[in-house]
Structure formats: structure tokens, C-alpha cells
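J.: Take a look at this one; I'll ask things after.
The values are calculated or read from the model by the stated rules, or taken from the named source; none is laboratory data. Predicted, not measured: the structure shown is a model, and the values here were computed from it. Here the Cβ positions follow ideal geometry from the backbone for every residue, glycine too, while neighbour counts run over all protein chains shown. Ligands, DNA and RNA are excluded from the accessible area calculation, which covers all protein heavy atoms including side chains. Shrake-Rupley method; radii C 1.70, N 1.55, O 1.52, S 1.80 Å.
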Amino acid sequence: MVASGCAAPAPEPESGLARSEQYAATVAQQSPGEVRGPAASLEGRAMTAGGRVYDAALMWPLLAEAAGGVVAQELALLAALDSACDEAGIVITEAALDRERALVESQLTATGAGADTGALLARVRASRGLGPERFAALLRRNAMLRALVRPDVQVTESAIVQAYRLEFGPTRVVRLITTDQLAEASAAIGEIRGGRSFSAVAAERSTDPSRVRGGLIGAISLADPAYPEALRTAAAAIEVGEVSSPVALDRGFAVVMVDAIEEDDVPALDDVRDRAAEVATLRAERVLMEAKARELQAGVSPRFFDASLRWSWGARSGE
């Protein structure tokens, strides 16, 4: 009991492991008739470390807090997609899933500079936590989204031309320095024009992740909207080895240098029209798929029976 006039001491903050152990102990004490959280049904050893055994019930709250919100969003979208596909009479076949896998691999092949596709895919999956289960679920979600938006896909001639330029048109191998302030960009240009290498200045001054590669971002198409128009305009206006003036971006400033211009063996549009139309279709599908996913997710309000999952969902969604 706290004596009159004295404040109770503040409780010591609990570690995630302590909360997990307490949760597991509480679960073990529940009677068969009580409503239990998901961890109550998890049995058996999950791992050992340092001679200590951790069972699944002990690990559940930690796992739920760390990634439960991500998985909950994926499952909520999957549930909405299942309903939408059922309503539309859409059945996802193994062929559709194989096509999604092939699309992922072809995208990696296009950006992997000749590297082994299997190794690239493994690295991407590892970096995104896409093990066998989540990767299969990703392919299924993509297949359902693609099937749902297919009737609305329209490919115009201008879209085909843009796809042709992106896929087959000339590219520029570009190096980049980004800065927060105009004065910093101007100082970087002064150092380069004073004799320092672009790579060295980028490594020291650039805020872009490419600084670890001396500012190299690789070959870009001047038609690619993935890059800011101001950056593409600057790259188009200079010759190989030249350095641009400061380029104003939405956030900060950039300095651009062109390492090489690759424009040999560009085929005529009529010779590759089918491929250009395919690329344009994929781009149009992607835009509609992202919009459809946002629409479906907005209409789902999961109900959580587990406090750790509820916390993770709220932390991720801001709810």
C-alpha cells in the first residue's frame, strides 16, 4: 500500500522480451473456457539460442509487433481481392501465377546488368522478407489485381511511343550529386571544375545513396518519368564529361554529369511495335493495379483480437 501523501514510484519500462514472457505466462494460466489470443494456440519450440529454448507462444508478441502490421495489411488486401474476384467471376490459374513470376524475373533481368537472374531474385526477396509463403502471396495478389483491372486498360499510340523510347531509345549514363542547399551544389561544381573528380566530390558531399558509387546511377532514358524532368533536361543538355549547373529539384538541388551516351543500334519503332505495345500495356496495368489496391485497402477495417497485432497495425497505418 502507498503511504498517504507519497506518490507511487514510476514502473520500470519492460523490454519486449519481458512482455513476451509475461504474455506467454498469462496464456498458460488461462482456463480452457477463456477467450485466448493467437499465441495461445501456438505450441512447440520455435528456436534455441545460448542454451535457452524459445517457444512459439513466447515469440509471438515480438513477431507481431515487428512485422504484424505489414502482414495484416497484406492479408486484408488479399481478403478484399478474393471478394472482388469472386464477384467478378475471376479464377486465378497456375498459368497466371507463372506469368507473374516471369514478369518479376524479366524486370530483374532488364536492370541487373547481365547478372544471374536467380541470384538477383534471391537477393531482392531476402531484402524484402519475401520467403516462400510471402512471395507466393505477392504473386497471387498481383495476378488478381491484374485480372481485375485488365478490362480498363487502354493503350494509346502516345503510350506506345513513350514505351518505345524507354525500352529502345538512346540512354545516358549519368552521375549525380544531390544537396540540400544551392550553395552546397555550387561548391561541389566549383571543386569538380577545379580539378577534383566527380566521384570523389559525390562521395563526400552527395545526399543521394549513389554517393557510395561515386554518384553513378547508371543508364537512364530521357523519356523515363521515374526521374525528375529537370534532371533529364539537364542530362540532355550536356556532353560526355561535362558537368551541369545546379538543378532545382522538389527537395534540394542536383549536379549532373554524363559519363557516356548510348544510342547505337536503336531499332525503328515499326520493327519493335509489338514489344513496345506490351511494355505500354504493362505500365498501364501497373498504374491501375496500384490504384485498385489503394481503393480496396481503404474499404477494409480489420478487427484485432490480439494487442500486439493491433499495436503494429496502428503504428504502421497511423490509426
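J.: Could you please find all residues in the range 57-77 being farther than 9 Å from S312 by Cβ and surrounded by fewer than 17 Cβ atoms within 10 Å (Cβ to Cβ)?
T.: Answer for the range 57-77, where residues must be farther than 9 Å from S312 by Cβ and surrounded by fewer than 17 Cβ atoms within 10 Å (Cβ to Cβ): E74, L75.
J.: Select from the range 186-219 the residues that are surrounded by 13 or more Cβ atoms within 10 Å (Cβ to Cβ), over 18 Å from A248 (Cβ atoms) and among the basic types (K, R) and list them in ascending order.
T.: Scanning the range 186-219 gives R196, R211, R213.
J.: Enumerate the pairs (first residue in the range 218-234 and closer than 15 Å to I177 by Cα; second residue anywhere and of a type in the set (A, V, I, L, M) and open to solvent by 20 Å² or more (accessible area, probe 1.4 Å)) with beta-carbon separation below 6 Å, excluding pairs fewer than 6 apart on the same chain, so at least 6 apart or on different chains.
T.: Listed by first residue and then by second, the contacts come to P228/L249; R232/L222.
J.: Within the range 158-185, track down each residue that is surrounded by 15 or more Cβ atoms within 10 Å (Cβ to Cβ), assigned to a helix (DSSP H, G or I) and hydroxyl-bearing (S, T, Y).
T.: Within the range 158-185, just Y164 meets the criteria.
J.: A further question follows. How about the range 202-213: which of its residues are over 22 Å from the mean Cα position of the chain (by Cα) and over 18 Å from D180 (Cα atoms)?
T.: Across the range 202-213, there are no qualifying residues.
J.: Could I ask something else about it? Please work out if R141 is over 24 Å from E239 (Cβ atoms), in contact with a Gly (Cβ under 9 Å, 6 or more places away or on another chain) and either in contact (Cβ under 8 Å) with a residue 24 or more places away in the chain or not β-branched (V, I, T) (or both).
T.: So R141 fails the test.
J.: Also: Just checking, does the range 202-215 include any residue being assigned to a loop (DSSP other than H, G, I, E, B), free of Cβ contacts under 8 Å to residues at least 24 places away in the same chain and out of contact with any helix residue (DSSP H, G or I) (no Cβ under 8 Å at 6 or more places or on another chain)?
T.: Within the range 202-215, none of the residues are assigned to a loop (DSSP other than H, G, I, E, B), free of Cβ contacts under 8 Å to residues at least 24 places away in the same chain and out of contact with any helix residue (DSSP H, G or I) (no Cβ under 8 Å at 6 or more places or on another chain).
J.: Right, next: For V279, are the conditions met, namely being in contact with a helix residue (DSSP H, G or I) (Cβ under 8 Å, 6 or more places away or on another chain) and of a type in the set (V, I, T)?
T.: Considered against the rule, which asks whether it is in contact with a helix residue (DSSP H, G or I) (Cβ under 8 Å, 6 or more places away or on another chain) and of a type in the set (V, I, T), V279 comes out as yes.
J.: How many of the residues making up the range 237-273 are without any contact (Cβ under 8 Å) to a residue 40 or more places away in the chain, open to solvent by 70 Å² or more (accessible area, probe 1.4 Å) and more than 24 Å from A185 (Cα to Cα)?
T.: So the count comes out to 4.
J.: Right, next: Can you name every residue in the range 252-267 that is at pLDDT below 90 and part of a loop (DSSP other than H, G, I, E, B)?
T.: Answer for the range 252-267, where residues must be at pLDDT below 90 and part of a loop (DSSP other than H, G, I, E, B): E263, D264, D265, V266, P267.
J.: Determine whether A202 is aliphatic (A, V, I, L, M) and out of contact with any strand residue (DSSP E or B) (no Cβ under 6 Å at 6 or more places or on another chain).
T.: No.
J.: Determine whether A234 is modelled with pLDDT of 95 or more, out of contact with any Leu (no Cβ under 9 Å at 6 or more places or on another chain) and either open to solvent by less than 80 Å² (accessible area, probe 1.4 Å) or in a loop (DSSP other than H, G, I, E, B) (or both).
T.: So A234 does not fit the description; no.
J.: A further question follows. Looking at (1) open to solvent by less than 90 Å² (accessible area, probe 1.4 Å); (2) touching a strand residue (DSSP E or B) at 6+ places or on another chain (Cβ under 9 Å), which is the only condition A293 fails?
T.: (2)
J.: Go through the range 278-290 and give me each residue that's open to solvent by 30 Å² or more (accessible area, probe 1.4 Å) and either of a type in the set (A, V, I, L, M, F, W, C) or under 17 Å from E167 (Cα atoms) (or both).
T.: E278, T281, L282, R283, R286, V287, L288
J.: I've got another one for you. Going by the structure shown, is A119 open to solvent by less than 30 Å² (accessible area, probe 1.4 Å) and part of a helix (DSSP H, G or I)?
T.: Answer is no for this residue.
J.: Quick one: how many residues across the range 220-230 are touching a strand residue (DSSP E or B) at 6+ places or on another chain (Cβ under 6 Å) and buried (at least 17 other Cβ atoms within 10 Å of the Cβ)?
T.: Of the residues in the range 220-230, 2 are touching a strand residue (DSSP E or B) at 6+ places or on another chain (Cβ under 6 Å) and buried (at least 17 other Cβ atoms within 10 Å of the Cβ).
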